[in-house]
Ligand SMILES: [Zn+2]
Ligand SMILES: [Zn+2]
C-alpha cells in the first residue's frame, strides 16, 4: 500500500493538485489482474498513434484510458455513460494535446464523438480529472457539473496570483518547521517578484452543482451523487443504482433491486493506491479542517453502499469494495498509532514528524516537492490525532510542536 499518488510539483503553486514528473514520495502499487474485462495498458501512458483501448463495461458504460504525461499514474479512466439525452462523461483527463487526441479517438471507438456529448460530471477539481473539461464544453456545448466545495477551489485558482500562493506556502511550511533549505527556492521565487496566473487559471468553472445525495438529472439513468470529501473538499463518487449487467437477481430479490449497483469512485477508492490526504489548502480560510476524518467517514459511506463493482479513475475496475475500504481504514489507523508513538517519545513539528514517518523510500531520496506533500499528509494525520484527543500542540511553540496526549 502506498500513499499520495497525487502530489503537486516542487514549485507547483496550485493548491492540492496532481503530480507531474517524479514528484511523488510514493508510487502506485503493482496492478493486480482485473476482475473485469478491462484491457487498458498498465502503468504506461498511451502515446502512440494506436487508437486507445476502450473498455466496454456493459450496460452502456465505457472507459477510455486518457494519458497523464510523465506521470507514474499513467492514465485517468474517463467513463462514458450512455443516456437518453446523449453521452455523459465522468471526468475528462489531463489538458495536453496527446490526452485530448486519446479522448477524441476513444469516443470514436465507443461509437460517439466529442460533438455529441451532453454533459460532464467531474469527480473532483484535480487536473487529471478536470483538465480537459473546458475544451470538451467548447467543442460540444456540454454542461459541466461539480460539487460546490471543489467549484470554490476552481474559482480561487482562477483568480489567485502566483505571488499570493508562494507567500502562503512559505508561511505554512515555516510554521510546520520546514528547514531554511526547503523554503529557500520558494522565497527566491517570491523575491524575484514574478507574479502571474496559477496553472489552474484555465480550469473551467462548472455550470451546474452536484448536490450530495441527489439523483442526477440524467434521462434514462439512475445515478446518485455521494459526497466523499477527504482527497479534496468537494470530491464526489457517483452511484449507478442499476443492476450490474452480469449480475442475476438473487432468489427473493425484487426485480427493481439494483444488487448494489456500480460506483464511479474517482480517486476516493482505488484498487492499489491510497489516495493522498493532505490539507484543504485555502489561503483565505482560518478554519481548522479535518480532511483525514472526512476521508474515513466518506469511506464508511461508500462501504455502506456495497456496490457490486467499483469503476475508479485510475488503475482498473474491481470488486470487493468493502474489503478495500477495510484495508484503507486499517492503513490509516496504523499510521495514526505509529505517529502517536513517535510523539510519545519526543515533541515534534509536523516537518519532523513527516521525516520520521514511513514512506516508500528513505526521506533523503524524496524530492523537494514531494516533501511538501508529505508534510501535508503528516499534518492531516496530526489534526486527526488532536481531534481524537491523542495529541496536542505545545502552547507557545513556534514552529508549532506537538506532543502526545491521553
Ligand atoms: Zn485527485
Ligand atoms: Zn487522480
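The values are calculated or read from the model by the stated rules, or taken from the named source; none is laboratory data. Please read these numbers as outputs of a predicted model, since none were measured by experiment. Heads up, the Cβs are rebuilt from the backbone with ideal geometry, glycines too, and the neighbour counts pull from every protein chain shown.
Elements of the type helices (runs of 4 or more DSSP H) sitting completely within segment 264-369 and holding at least 3 residues that are closer than 30 Å to residue 394 by Cα and within 16 Å of ligand 1 (Cβ to nearest atom): these cover 291-305.
What single numbered condition from (1) farther than 23 Å from residue 283 by Cα; (2) within 22 Å of the chain's Cα centre (by Cα) fails to hold for residue 113? Evaluating residue 113 over (1) farther than 23 Å from residue 283 by Cα; (2) within 22 Å of the chain's Cα centre (by Cα) leaves (2) as the failure. Inspect all residues belonging to segment 79-93 and state whether any of them is over 16 Å from residue 61 (Cα atoms), in a helix (DSSP H, G or I) and within 16 Å of ligand 1 (Cβ to nearest atom). No, segment 79-93 has no match at all. Taken over segment 213-225, residues that are under 19 Å from the mean Cα position of the chain (by Cα) and either surrounded by fewer than 15 Cβ atoms within 10 Å (Cβ to Cβ) or within 16 Å of ligand 1 (Cβ to nearest atom) (or both) amount to 0.
Search segment 280-299 for residues being farther than 27 Å from residue 247 by Cα and out of contact with any helix residue (DSSP H, G or I) (no Cβ under 9 Å at 6 or more places or on another chain), and hand back the single one that is farthest from ligand 2 (Cβ to nearest atom). If we take residues in segment 280-299 being farther than 27 Å from residue 247 by Cα and out of contact with any helix residue (DSSP H, G or I) (no Cβ under 9 Å at 6 or more places or on another chain), then 286 is farthest from ligand 2 (Cβ to nearest atom). Of all residues in segment 128-185, exactly one satisfies the criterion of being at positive phi and either within 16 Å of ligand 1 (Cβ to nearest atom) or in contact with a helix residue (DSSP H, G or I) (Cβ under 7 Å, 6 or more places away or on another chain) (or both), namely 177.
None of 69, 8, 65, 41 is more than 15 Å from ligand 2 (Cβ to nearest atom) and either at pLDDT 95 or above or not in a strand (DSSP E or B) (or both) except 41. Tell me whether segment 388-406 contains one or more residues that are more than 15 Å from residue 174 (Cα to Cα) and under 21 Å from the mean Cα position of the chain (by Cα). Checked segment 388-406: no residue is more than 15 Å from residue 174 (Cα to Cα) and under 21 Å from the mean Cα position of the chain (by Cα).
Any chance segment 112-125 includes a residue that's away from ligand 1 (no atom under 15 Å from the Cβ), part of a helix (DSSP H, G or I) and touching a strand residue (DSSP E or B) at 6+ places or on another chain (Cβ under 6 Å)? Checked against the condition, which is being away from ligand 1 (no atom under 15 Å from the Cβ), part of a helix (DSSP H, G or I) and touching a strand residue (DSSP E or B) at 6+ places or on another chain (Cβ under 6 Å), segment 112-125 yields no hits at all. Residues that are surrounded by 19 or more Cβ atoms within 10 Å (Cβ to Cβ) and in contact with a helix residue (DSSP H, G or I) (Cβ under 6 Å, 6 or more places away or on another chain) within segment 386-401 comprise just one, 391. Being buried (at least 19 other Cβ atoms within 10 Å of the Cβ) and at positive phi, is that true of even one residue in segment 96-113? The answer is no, given that none of the residues of segment 96-113 is buried (at least 19 other Cβ atoms within 10 Å of the Cβ) and at positive phi.
Residues in segment 189-204 that are free of Cβ contacts under 8 Å to residues at least 60 places away in the same chain and touching a strand residue (DSSP E or B) at 6+ places or on another chain (Cβ under 9 Å) were compared, and the one that is surrounded by the fewest Cβ atoms within 10 Å (Cβ to Cβ) is 196. Against the criterion of being within 16 Å of ligand 1 (Cβ to nearest atom) and surrounded by 19 or more Cβ atoms within 10 Å (Cβ to Cβ), residue 55 does not qualify.
When 277, 273, 302 are checked against the criterion of being within 16 Å of ligand 2 (Cβ to nearest atom) and either over 19 Å from residue 379 (Cα atoms) or touching a strand residue (DSSP E or B) at 6+ places or on another chain (Cβ under 9 Å) (or both), 273 stands alone in meeting it.
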